[in-house]
Structure formats: structure tokens, C-alpha cells
């Protein structure tokens, strides 16, 4: 979609691919402005989304399986998330990951401000590993292809160096479960 969207964009997403970027005549910098409203992707279960610009508050609340790329979010991002993956190529508001029990979020944090905005009650902040790096590169390439994002282009053009600016938000209990599954496969 070329343009912008109001609140609840992608609510209940279940299998589709949503792509949104500003009108070509827009006179603003997308990564500095909200392109979609509050509570986007509430209760999403599957599918993917690529947003050229920021989202409002409560982005991906109760997401249980969708993957998305966005260029910044307001307060309470990924609240009560239980699955899926979110890549935030920009700043987040406060209280990020409150009640997040599953899924993974990746934050591009070049300014190193994210830790102060994250609710650490149920999550850990980890560096990205090789599998994360491959996933990030693949999804950011799609984001660039679909939206012509200058943020994505900047990260991709210097990917090996920019990778150090990503923080992995990993729910503690979910992390234990995933590590146990990996160990079981290695034993088998």
C-alpha cells in the first residue's frame, strides 16, 4: 500500500504479506514519522509485514507468529508477545517487551539507548548469533526490496559492521526452551 494507515493496521494478521510505504509525493522522512497508527498487528498469528516508517504505540501486542520489519515504534512495543519475530530498525518507546513470553525482537540500537526503554522483567538482551544474522539480512533485504527503505539500504551496505548495533530481545523462559530443543537434537 502506498500511503499511511490508522490504528489496528494488520490486526489479526494470519498469513498475508502487508507492505506499506509513504506516498511518493510525501515531503517527510519516513523513518522519522509514523506511517501506521497504534496497536498495529495486535493478535497477529502468521504472515509478514514491511513498514517504511514508524509505528505508533503498542506495536505487535499479543503477536503469536507473524514476522515484521518497521523503522521505529512508540511505547509498549511487543507487549505480551508470545511468538513471531519483530525487527525494529530504529528507536522504541518505553516499556518495550512488557509481558513478552515468546518470540524474538531485534532492535537496531546504534545510539545504545534501548536498554533504558526495555522492560527487563521477562526478557534478556543478547547479542545476535550467526543464525540471527542470516535471518536479519534476509528480512532487511526483503524490506529494502518491497519498500525502497534508505534505512535498510544503509544497514545492508555495511551489514557486517552494522550487525554489532543489533540487540536481541529474548524472553528468558522461551530461551531456555529453545536451548533445550537444540541440545536434544544434538544428542539424538
Restricting attention to strands (runs of 3 or more DSSP E) lying wholly within region 46-115, give those where 2 or more residues are under 22 Å from residue 127 (Cβ atoms) and in contact with a strand residue (DSSP E or B) (Cβ under 7 Å, 6 or more places away or on another chain).
64-70, 82-88, 102-108
For region 177-184, state whether one or more residues are more than 16 Å from residue 88 (Cβ to Cβ), modelled with pLDDT of 95 or more and assigned to a helix (DSSP H, G or I).
no
Which residue is surrounded by the fewest Cβ atoms within 10 Å (Cβ to Cβ), if the candidates are limited to region 6-21 and must be assigned to a loop (DSSP other than H, G, I, E, B) and touching a strand residue (DSSP E or B) at 6+ places or on another chain (Cβ under 6 Å)?
9
Cβ pairs under 9 Å, 6+ apart or interchain, first in region 61-79 and surrounded by fewer than 24 Cβ atoms within 10 Å (Cβ to Cβ), second modelled with pLDDT under 95 and not in a loop (DSSP other than H, G, I, E, B), ordered by first then second residue, are 74/34
Total residues in region 116-130, condition outside any loop (DSSP other than H, G, I, E, B) and under 19 Å from residue 178 (Cα atoms):
5
Would it be correct to say that residue 167 is outside any helix (DSSP H, G or I), under 15 Å from the mean Cα position of the chain (by Cα), touching a residue at least 12 places away in the same chain (Cβ under 8 Å) and buried (at least 18 other Cβ atoms within 10 Å of the Cβ)?
yes
Just checking, which of 183, 124, 141, 173 is over 29 Å from residue 29 (Cα atoms) and either crowded, with 16+ Cβ neighbours inside 10 Å or without any contact (Cβ under 8 Å) to a residue 40 or more places away in the chain (or both)?
183
Give the residues of region 113-125 that are touching a helix residue (DSSP H, G or I) at 6+ places or on another chain (Cβ under 8 Å) and within 17 Å of residue 165 (Cα to Cα), sorted by residue number.
124, 125
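The values are calculated or read from the model by the stated rules, or taken from the named source; none is laboratory data. Computed from a predicted structure; not experimentally measured. Neighbour counts are summed over all protein chains in view; Cβ atoms, including those assigned to glycine, are modelled from backbone coordinates with ideal geometry.
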